[in-house]
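Structure record follows, encoded as structure tokens.
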Amino acid sequence: WPRTRLAKLVERIASSGSSFIGIDVLLNDPRSGDAELSAACRRIGCVAATTLDERGQWILPAPLLRGALYPAHAAFELDDDGVLRWISSTKQDRSTSYPAFSAQLATLSTGNPITAGVALIPGFRTPPRSVPVVSATAILRGDPAALETLAGRTVIVGITAVALGDRVMT
């Protein structure tokens, strides 16, 4: 999506009364609209996904976005049998450590600190059907029911797990 559209989405989510936004998309390449997205994220706490590249260096948000976003790693750990079962609460390169995406959102939402170096094993206690999924298009169109669903919640913007297809076993 163009960054200006993502900025409008963040603005709408912020105006719905949401608490925080997690953007589960790598925003590393500078693009037109970065200034608008940065301004929108300054209205509400925004966490942005980052990851380590093949050389072990962080792929961070584009320079114009860095001051407006909390970078957080979005990497599961691959077990020897090829199944992704856990997330490290923090991950680091040689000099910089970032919290897990979910842990950073939880910390912002609750105020509880992140414990470094702990394995986070998702419990999947909540049935997937009970987690509201709201169309970004409905939010952009100002659908009152969609916006009401977001009020007081931490919102994650990104693809749904269905989009992973058969590339990853969890």
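The values are calculated or read from the model by the stated rules, or taken from the named source; none is laboratory data. As the structure is a computational prediction, the values presented were derived from the model and not from experiment. Here the Cβ is made from the backbone with ideal geometry for all residues, glycine too, and neighbour counts use every protein chain on show. Ligands, DNA and RNA are stripped out before the accessible areas are found, and what is left, the full protein with its side chains, is counted by its heavy atoms. Shrake-Rupley method; radii C 1.70, N 1.55, O 1.52, S 1.80 Å.
Probe 1.4 Å, all protein chains in place: accessible area of ASP81 in Å², nearest 10?
Rounded to the nearest 10, that gives 100 Å².
Can you tell me the orientation of helix 34-43 relative to the chain, as the angle in degrees between its alpha-carbon axis and the longest Cα principal axis, to the nearest 10?
90
What is the Cα radius of gyration of segment 15-93 over 2.2 N^0.38 Å, N being its residue count?
That works out to 1.24 for segment 15-93.
Rank THR50, THR110 by accessible area, highest first, at a 1.4 Å probe radius?
THR110, THR50
What angle, in degrees between 0 and 90 and rounded to the nearest 10, separates the Cα long axis of helix 3-15 from the longest principal axis of the Cα atoms of the chain?
80
Find, among the chymotrypsin sites (Phe, Trp or Tyr not before Pro) in segment 66-147, those assigned to loop by DSSP (not H, G, I, E, B) with at most 10 other beta-carbon atoms within 10 angstrom.
PHE124
Please compute the modelled spin-label separation between ALA35 and VAL118, points set 7 Å along Cα→Cβ, answer in nm with one decimal.
Computed distance between label sites VAL118 and ALA35 equals 4.2 nm.
Taking only protein heavy atoms into account and a 1.4 Å probe, give the accessible area per residue of segment 1-130 in Å².
I get 57 Å² per residue for segment 1-130.
If r is the Cβ-Cβ distance from SER130 to ARG55 and R0 is 25 Å, what FRET efficiency results, to the nearest 0.05?
That pair, SER130 with ARG55, gives E of 0.05.
Which value, to two decimals, describes the C-alpha radius of gyration of segment 64-132 once divided by 2.2 N^0.38 Å?
So segment 64-132 has a normalised radius of gyration of 1.25.
Just to confirm the number: angle between the C-alpha axis of helix 101-110 and the first principal axis of the chain, 0 to 90 degrees, nearest 10?
With rounding to tens, the tilt is 60 degrees.
Could you tell me which residue out of THR50, THR107, VAL83 lies farthest along the dipole of segment 17-170 toward its positive end? Charges go on the beta carbon: Lys and Arg +1, Asp and Glu -1, centred on the Cα centre.
Going by the Cα projections, it comes out as THR107.
Hey, any idea what % of the chain's accessible area is carbon plus sulfur with a 1.4 Å probe?
C and S atoms contribute 54 percent here.
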